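Bear in mind that the values in this text are calculations on the coordinates, not laboratory data. Since we're looking at a predicted model, the values are computed, not measured. Methodologically, a virtual Cβ is constructed for each residue, glycine included, from the backbone with ideal geometry; neighbour enumeration extends over all protein chains shown.
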């Protein structure tokens, strides 16, 4: 097939349509990465670097500060929602189809501005990365951090994840643990000969029901924590008293806590039980006290709010770079079969980022 191309001088909504229509389900990003690389290479003010299917384009103007603006180019599988189209939804124009929210409208804004802003007020590193929607070990941003950390150097970062064109600072951390109860196996006809490990789960659920969640202020934003059971398993047969049961628990914790802090807290909550950490990702401070963040908020005229979910801003935070989420689209529509993004939000993000980067 002929190579697919992108016109970066097109209207940003038309560019969104074109980016979306180059199908790039995770693992199949090459065609879109090729199109992005080719399009950006035509602009002499940009140094373009490729790492697998991640494309980095940066200015080198000698500015005092450098900001990073990032977005992932992969999507979840298509659900009969390509090619995208413009649709009227409740009297408002939307671009409808896979990737419009998560997160190719944001990527289109990045591409448009990367080409247009030849003399920004800061140096900019534009990052278009692969494999965000799959296992974290494959994440293109993580790969860049491991292999080319110098490409991620900067003072402040914006991740163009969907936020309905509002600023969401940092993100909560997340940890999953397994809490195990033990018992004694026996025939269910002689239950008194054993000890039922599933019944003991009631005590763990009681801990969760009594747990007082916290609201934690970090850099001027209040993050809401949560602690919830998400899975329960146990037993081997319908006529056997189970000798083991397991509750999987997810803890969403404020970005002021480290992974070690979160683990210590959970071991205290579930003292006396076997606790095993199965997954953990640190949160990200929003860094709203940093000059670059303050300038972003002032230029956009928006009020920052906390990000309760986990996003790749945490990867920037791990590198010591404060970061916020800012992009078009309602995150509740991400991955939906009827995924769609209001056209007005795409223009709003284009305008806000332009104002910030040229003021």
For the stretch 1-129, what is the per residue volume of the convex hull drawn over the alpha-carbon atoms, in cubic angstrom?
113
Can you pull the Kirkwood radius for the stretch 202-357, inverse mean 1/r over Cα pairs, to one decimal in Å?
18.7
If every alpha-carbon in the chain counts as one equal scatterer, what log10 I(q)/I(0) does Debye give at q = 0.15 1/Å?
-1.21
Restricting things to alpha carbons, find the Rg to Rh ratio for the stretch 173-280 using the Kirkwood radius for Rh.
1.10
Range of Cα positions in the stretch 102-236 per principal axis (Å), largest first:
80, 33, 26
Against the longest alpha carbon principal axis of the chain, how many degrees, from 0 to 90 and to the nearest 10, is the axis of helix 30-41 turned?
40
The stretch 173-280: relative contact order in percent, alpha carbon pairs under 8 Å with at least 6 residues between:
42
Please compute the contact order of the chain in relative form: average sequence separation of alpha-carbon pairs under 8 Å and at least six residues apart, divided by the residue count, as a percent.
23
Can you tell me the 0 to 90 degree angle between the C-alpha axis of helix 259-269 and the longest principal axis of the chain, rounded to 10?
30
Compute the helix-to-body angle for 12-21: its Cα long axis versus the longest principal axis of the chain, expressed 0 to 90° and rounded to tens.
60
Using Cβ counts within 10 Å as a stand-in for footprinting exposure, how do 211, 129 rank, fewest first?
211, 129
Calculated from DSSP H runs of 4 or more alone, at -39500 (n - 2.57) each and per residue, what is the 222 nm mean residue ellipticity of the chain, nearest 500?
-8500 deg cm²/dmol
